1. Pairs under 9 Å by beta carbon, first residue among the acidic types (Asp, Glu) in the range 784-799, partner open to solvent by 10 Å² or more (accessible area, probe 1.4 Å) and assigned to a helix (DSSP H, G or I), six or more apart or different chains?
2. Which one of these does TRP845 not meet: (1) crowded, with 24+ Cβ neighbours inside 10 Å; (2) aromatic (Phe, Trp, Tyr); (3) assigned to a helix (DSSP H, G or I)?
3. Filter the range 801-826 down to the residues that are open to solvent by less than 10 Å² (accessible area, probe 1.4 Å) and in contact with a Gly (Cβ under 6 Å, 6 or more places away or on another chain), then identify the one that is farthest from LYS879 (Cα to Cα).
4. Which residue, of LYS84, LYS102, is surrounded by 19 or more Cβ atoms within 10 Å (Cβ to Cβ) and touching a residue at least 40 places away in the same chain (Cβ under 8 Å)?
5. Of all residues in the range 291-331, count the ones that are of a type in the set (Gly, Ala, Ser), on the phi > 0 side of the Ramachandran plot and either in a strand (DSSP E or B) or open to solvent by 10 Å² or more (accessible area, probe 1.4 Å) (or both).
6. Are any residues in the range 825-834 of a type outside the set (Phe, Trp, Tyr), under 28 Å from the mean Cα position of the chain (by Cα) and not in a loop (DSSP other than H, G, I, E, B), and if so, which ones?
7. Among the residues of the range 112-135, which ones are under 43 Å from the mean Cα position of the chain (by Cα) and either under 14 Å from PRO196 (Cα atoms) or outside any loop (DSSP other than H, G, I, E, B) (or both)?
Amino acid sequence: MHSFVGVLFVGLAAVLLAAGPAQAGTRSLPPLFRESGALENPNFRFDARADDLNYRLPNNTLPIHYDVELTTNVHDGTKKFTGKVQIDVTIVEATTTLVLHKRQLNILSAKIESATSASEDLTISYEEEREFLTLTRKTNVNFEKDTEWKVTLEYEGELRTDNGGFYLSTYTDADGNERYLAITQFESTDARHAFPCYDEPNKRATFTITINHSPTYTAISNMPVDTSKTISGKTVFQKTVNMPTYLLAFIVSDFVYTEGVLNDTPQRIYSRPGTKNEQEWALVSGMLILERLAEYYNVDFALPKIDQAAIPDFAAGAMENWGLATYREEYMLYNKDTSTVTTQTNIASIIAHEYCHQWFGNYVAVHWWTYLWLKEGFATLFSYKAVDAAYPEWGVWQQFQTDDYQSALTNDASDYPRPMTHYVQKPSEIAMSYGTVTYAKAGSVLNMWNHALTDKVFQRGLHNYLDANQYSSAVEEQLFLAIQTAAKEENYEIPAKIEDMLGSWSRQGGYPLLTVTRNYNNGSFTVTQSSFHNNKNTVTQKSWYIPFNYAHQSNPDFRDTEASHYLLNVPSVRVDAKLDKEDWLILNKQSTGYYRINYDEENWKLIIDGLIKSPYKIHPRNRAQLMHDAYRFSASNRLAHSVLLDMMTYLPKEDQYAPWSTANGIINVYNRYLSGDAKYYDFQMFVAEIVTPIYEKLGINDVPGEHHYQKYTRNAVINMACLAGIQSCLTETKNKLKALVQHGTPIEANVQSQIYCNGLKQSGDDVFQYVFNQLMDSTDQAFRRVLISSLGCSQNEKQLKSYLESSIDKDNKLRNQERITILSPVYSRGSVGLMATIDFLDEHWDEYGNLNTGFGGTNPLNDALGGMSLYVVNTEQEKRLLALVDKVKSSEHVSSSLEASVKYNIQSNFDWLKSNRDPLINWFQSFNIKSGASAVISSSSMAISTLLLLVISRLF
């Protein structure tokens, strides 16, 4: 599952770019220099268990096959559905009871029979806490071991409205009529809402699905239709392969489709009527990516077909149902005239993520949710490897660097990081497992070993794993064994057991800091490992098996990423490299290793000098990571701020995406803290100095035919240029938006987010209302996301008040899943937005807390208050937010730990300012004097800054 609800912790998605996101969509979030408030709070814990209940089903009976028949009248909006399930079970241990799962279903009858026994009624009991449906034999006679029985349950239920289980979705057709559809989203514990079942990933079975529905609608599921049994209004599907319950899926709708076939595997794209012309990109990408994955794994796709469906209401983002993957519309529909390059990339990468699951998660399931990373880590990695194989000209690995690798490093550095392999039981605990560790960290760790052991060994290891565990489930040891075997088969020498090496990364949280100390007399260097935490005073005794390699100035070859050296669970190792003392040294070629690296002072100076003189001798991913590491080291008092800031002076020579995206993230962190400072102008001057050359080169206009990621780079650069107050950026963005409003002049799709956001910062009510009306009228989900984000850029209290109130106005055209995305773009764009959001919630907190978050989501009020705390940087903001928290802390909408988390985040912000403000401002002032920075900032921007300071001064 591509988890957009999965990153559940309070602050993770809260920090948007101060000038607006690079683009809308799943890949639009800035580099993650931010930390989750929950992850960083040492007082944050899972709720303590009230008892020692075992939430796992007993293993005394197992399912073999399900016949599921459902009847729905969803075509007219009816929520009620009826069902009948027949489960063939085998008795593993003699018992008088069978225990299954059910949720929100009314069981009408329960019977059991066997080939040698007549049908008999069963006694029904239900435990709500564990959702256990217990069926007991009335005769009190055991079902004997190794016998097989058929359980028949008849039941009724209602389609849910929270985008989970078997649920109701809607859309508005071209004539303005509301249309209905029924769809499923079962991962991880929601199959039990559609039919009683053994709802655990290792309890696989086969399924035959029958759906009774209106003849005006069609039904689709994991398998092709069984035409010999299907009639009008009754669709029967072919029997599935052996699979877990959570991967089952069915949709009853009036959707239209496009189809294609590659190497005898048919594929279809389904979506609502009127969008058929937007299905082509997903269809072509799906066919290419499925083929590339099958080639890499050397394992054929297991089913006779695969479909993809774009769903109007879909909280999960995307889901890998075997043979029927489902997506939000914005991650499936692409209009070649109006969609952005970000949408195009998102679609390809999310398809690759879900298609990887057809092998990792479906063909081989995880034995239990403890090992969730065994599927999500691979899906994260192959969302890049498969796209790179299908579209090698794009260069997607720079985006891996900024979107996953850096976010993993940032969020895996708390005092109490969670291991990749982490035992869970309750559904609530399982839901909490869908986060950065499971996705981004696991993908980064797997990528590290992919490079360290060579792709040849890694590829063969994955084939071994899939082949040995097909149509079954696995634990991490089976993956380790498969790679160990592959190394032997390829005659590849490894320095230790794979289980020891990889297990040191999966079984303990966090990651190492490598400290490199050079001996400039003999050319050697020493690498020492320790556990890295954002709090440098946190010390642990953890130790890892660490692969590494290096490049240096006399041999700046970053191509070979195989490990040349290891720290084999030892504190340090010495490398006799015979380096010239004038050469820079950089470890971790292409930043494939999952760790941070700190160098001695002299080597940092040599690296900075090398970047300034010849930046392209150093790989762009290393250029990005040098800044990212230096930022984290300076913010945690491990390194002088001057090292990072001196390094960033090379940026006028930079033109690659990963370094500029990283720099953009750093600048926006600084802007968050310094935007109300009396010396803010010095910061702006520095930003203007480093960004002006690339801004003048790329401009604000989209250029057809340019490199894929240059469009991404332009977006980051526009944001930085307007943040710096560069006159041409402010004028051109305002004029482009004005031309759209007054003359209907279209804004190129790839720069819409930047133009809207920066233009709205300078616009009146007429322009704001025009953009808001666009949001209300648009049916393009990706464009709606751009508008939702951009409207929060306004710095007008009246405009923001009306926008915030739209989140609870049930009469407007916002979708339920959009309502809870309004506040973050407002409160994250500065003090005006933060205070406006506090005012809004002070009056409407209960209404906002009652919004529907979708399945598995935390309460929107709790999320908003936690997110807002990350932006509090003065005492007046603190006073107002804490008063609001005090007002709502006894509400059912917020957690018992909210107040402590909010106070922790606020104090962290004040600590940051105390530690970092003065050295930063002093450096900016000194730099501007030395560089003779010209007054490129607009007079209006200076006037706004002056006015802002007058307002801010009254807050302290």
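The values are calculated or read from the model by the stated rules, or taken from the named source; none is laboratory data. Keep in mind that this is a model prediction, so the values were computed, not measured. Every residue, glycine among them, receives a Cβ derived from its backbone with ideal geometry; neighbour counts consider all protein chains shown. Side chains included, ligands, DNA and RNA excluded: accessible areas come from the protein's heavy atoms. Shrake-Rupley method; radii C 1.70, N 1.55, O 1.52, S 1.80 Å.
1. GLU797/VAL832; GLU797/MET835; GLU797/ALA836; GLU797/ASP839
2. (1)
3. In this case the residue turns out to be PRO825.
4. Working: LYS84 fails: surrounded by 19 or more Cβ atoms within 10 Å (Cβ to Cβ).
Result: LYS102 is the single residue among LYS84, LYS102 that is surrounded by 19 or more Cβ atoms within 10 Å (Cβ to Cβ) and touching a residue at least 40 places away in the same chain (Cβ under 8 Å).
5. Initially, the range 291-331 is screened for residues of a type in the set (Gly, Ala, Ser), giving 294, 302, 309-310, 315-318, 323, 325.
Keeping just the survivors that are on the phi > 0 side of the Ramachandran plot gives 317, 323.
Retained after the next criterion (residues that are either in a strand (DSSP E or B) or open to solvent by 10 Å² or more (accessible area, probe 1.4 Å) (or both)): 317.
Counting residues in the range 291-331 that are of a type in the set (Gly, Ala, Ser), on the phi > 0 side of the Ramachandran plot and either in a strand (DSSP E or B) or open to solvent by 10 Å² or more (accessible area, probe 1.4 Å) (or both) gives 1.
6. Filtering the range 825-834 for residues of a type outside the set (Phe, Trp, Tyr) gives 825-826, 828-834.
With under 28 Å from the mean Cα position of the chain (by Cα) added as a condition, the list becomes 825-826, 828-831, 833-834.
Passing the criteria: PRO825, VAL826, SER831, GLY833, LEU834.
7. Looking only at the range 112-135, we keep the residues that are under 43 Å from the mean Cα position of the chain (by Cα), and these are 124-135.
Once the filter is applied, which keeps residues that are under 43 Å from the mean Cα position of the chain (by Cα) and either under 14 Å from PRO196 (Cα atoms) or outside any loop (DSSP other than H, G, I, E, B) (or both), the range 112-135 yields ILE124, SER125, TYR126, GLU127, GLU128, ARG130, GLU131, PHE132, LEU133, THR134, LEU135.
Yes/no per residue for (1) touching a Ser or Thr at 6+ places or on another chain (Cβ under 7 Å); (2) modelled with pLDDT of 95 or more; (3) surrounded by fewer than 21 Cβ atoms within 10 Å (Cβ to Cβ):
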position: LEU98; (1), (2), (3): yes, yes, no
position: THR139; (1), (2), (3): no, no, yes
position: THR152; (1), (2), (3): no, yes, yes
position: ILE183; (1), (2), (3): yes, yes, no
